[in-house]
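Structure first, then comments.
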Amino acid sequence: MSGISNRQLFLAHVAQTSSAPIGIEMVKAAGIHLWDAEGKKYVDLISGFSVCNIGHSHPKVVKAVQDQAAEYMHLIVYGEFIELPQTAYAKFLTDLLPPSLDCVYFTNSGAEATEGAMKLAKRVTGRTRILACHKAYHGSTQGALSVMGDEYWRNAFRPLLPDVYHYDYNEPDLPTAIDAQTACVIVETVQAESGIIRPSAEWLQTIRKKCDEQGALLILDEIQAGFGRTGSLWAFEQMQVVPDVLLLGKALGGGMPLGAFVAGHSRMQLLTKDPVLGHITTFGGHPVSCAAGKAALEVLLDGHYIETVKAKEQLLLDKLVHPAIVSRRSAGLWMSLQFASDKIAQAVVHQCVRNGLITDWFLFAPDRMRIAPPLIITEAELAEVCQVILRSIDEVTGKA
């Protein structure tokens, strides 16, 4: 392997997801910062895609991982042995949720949580029809891909799940379509990959009412929106709507791989019979991941970081003003900046990376730049970030 660079090994032996990966060799991460192999420091402006809400390598999370690894790691398929990290974390989570959401099924990822929730909805209702939204993202496995709201990503992998119907987010056609054949409606509490779109509370409340009337389940996806990102622990709290099934992921594991779908205990019990093992996973709810996730949630709550989100959102709104920014959308410490074209947006993203800010665009909104720093970022650090963003825009648009 002499003479072969790590970048060459990466491109040759690690399956790629695009023809143009960022390709920076990172060697360390702590707090809001990342360091590359050359010693350059970056601000993680997207929190590892909403995973690192309390930043990277928090000492309490690292200790929880080390302590649990020293006790035991994998033992047997999920759901057989009583493993304290799973039990303790499930209890902690359900204590923070409405009483009707009292049973957690841990998975490896948010996409797997989507898969499990769809199976549960079919099992509870005996129906197959699923309603979802255009420009929705719930994961890219076969079932989750079926409810993804964009044909560009779906078409190459057909046939997908039948009986799935898509409607515009935040528009009346969706609640109107809920009927006696509907198994479930799956929506994001904030639509993420279309560039941060908040729903109206009335729209979600109408969906909730129609689901109740027709016997369908409401699945709310908080995989990106959860754990304080929008200014409350759960975004659905701001809408006065309680789902039948809640999807969690990203920040759930505190930096370790973990997802979950959460529902009522009596409904979840349906996955235990007719057939037995109605949903099963080997590594879901891995004890080290659960220990890390619980520690991270404790840090988030004990640090009162969620209470600072709205002020930080306002700081971004106050400072990120530039003639090249066409529009801004935000939901707590989560923002998109729109530019006149995809080309300009991509150039700004790349210039930010060169200037030490790790950022990106949105799957269904490539003309928008993503801002979602760890919630622990201080207002002073955020103000510095805004200066770098504005300077990067100037450098791209020739106004420096």
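The values are calculated or read from the model by the stated rules, or taken from the named source; none is laboratory data. The structure displayed is predicted, hence computed values, not measured ones. We place every Cβ from the backbone using ideal geometry, glycine too, and count neighbours over all the protein chains shown. Protein only, heavy atoms only, side chains kept; ligands, DNA and RNA dropped before computing areas. Shrake-Rupley method; radii C 1.70, N 1.55, O 1.52, S 1.80 Å.
Just a few scattered comments:
- Given 15 as the ceiling on other Cβ atoms within 10 Å, longest exposed-site-free region of the chain for GluC sites (Glu not before Pro) in DSSP loops: 81-400
- The angle between the Cα long axis of helix 110-125 and the main principal axis of the chain comes to about 20°, on a 0 to 90 degree scale.
- Listed pairs K91/K294; K40/K319; K28/K60; K28/K343; K250/K273; K63/K294 exceeding 19 Å between Cα atoms: K40/K319; K28/K343; K250/K273
- Under Karplus coefficients 6.51, -1.76 and 1.60, residue-wise ³J(HN,Hα) of segment 168-176 in Hz, glycine/proline x: 5, 5, 6, 10, x, 4, 5, x, 5
- The R354 and V321 beta-carbon pair, evaluated with R₀ = 25 Å, returns a calculated FRET efficiency of approximately 0.65.
- Label reach from S19 (point 7 Å along Cα→C-beta): in segment 322-346, amide nitrogens under 20 Å belong to 342-346.
- Cα point-scatterer Debye curve for the chain, base-10 log of I(q)/I(0) at q = 0.15 Å⁻¹: -1.49
- The convex hull defined by the C-alpha atoms of segment 291-374 has an orientation-averaged projected area of 6.7 nm².
- The stretch between I76 and T272, if pulled fully straight at 0.36 nm per residue, gains 68.8 nm over its current Cα-Cα span.
- For segment 194-236, the average shadow cast by the Cα convex hull is 3.5 nm², which is a quarter of the hull's surface.
- Modelled spin labels at D168 and K41, positioned 7 Å past Cα toward Cβ, are 4.7 nm from each other.
- For the chain, calculated [θ]222 nm from helices alone, where every DSSP H run of n ≥ 4 adds -39500 (n - 2.57): -11000 deg cm²/dmol
- Segment 244-305 shape via C-alpha gyration tensor axes, a/c threshold 1.5: prolate
- Rounded, prolate or oblate (a/c below 1.5 giving rounded, otherwise prolate when a/b exceeds b/c) for segment 112-222 by Cα gyration tensor: oblate
- Over segment 255-400, the Kirkwood radius and the radius of gyration, each from Cα atoms, give a ratio Rg/Rh of 1.13.
- Residues whose amide H falls under 5 Å from that of L357, counting only those 5 or more places apart or on a different chain, are V43, with hydrogens built in the peptide plane.
- Local electrostatic count, R329, Cβ distance below 15 Å [Lys/Arg +1, Asp/Glu -1]: +2
- Site-free segments of the chain were taken between trypsin sites (Lys or Arg not before Pro) in DSSP loops having at most 14 other Cβ atoms within 10 Å, sites themselves excluded; the longest one is 41-272.
- When +1 charges are put on Lys and Arg Cβ atoms and -1 charges on Asp and Glu Cβ atoms, the dipole computed for the chain relative to its Cα centre reaches about 380 debye.
- For segment 11-65, projected area of the alpha-carbon convex hull averaged over all directions, nm²: 5.0 nm²
- When T230, T308 are compared by accessible surface with a 1.4 Å probe, the order from highest to lowest is T308, T230.
- Accessible area per residue was computed with a 1.4 Å probe on protein heavy atoms; I22 scores about 100 Å².
- Cα-based helix-to-principal-axis angle, 287-302 vs the chain, degrees rounded to 10: 70 degrees
- Full-extension gain in nm, K343 to E395, via 0.36 nm per residue minus C-alpha separation: 17.3 nm
- Charged neighbours of T378, selected by a Cβ distance under 13 Å, balance to -2 (K, R count +1; D, E count -1).
- If only the Cβ of Lys and Arg carry +1 and only the Cβ of Asp and Glu carry -1, the dipole of segment 40-101 around its Cα centre is close to 400 debye.
- In order along segment 201-208, the Karplus-derived 3J(HN,Hα) couplings, from 6.51 cos²θ - 1.76 cosθ + 1.60 at θ = phi - 60°, round to 4, 4, 4, 5, 5, 5, 4, 4 Hz, and Gly and Pro are given as x.
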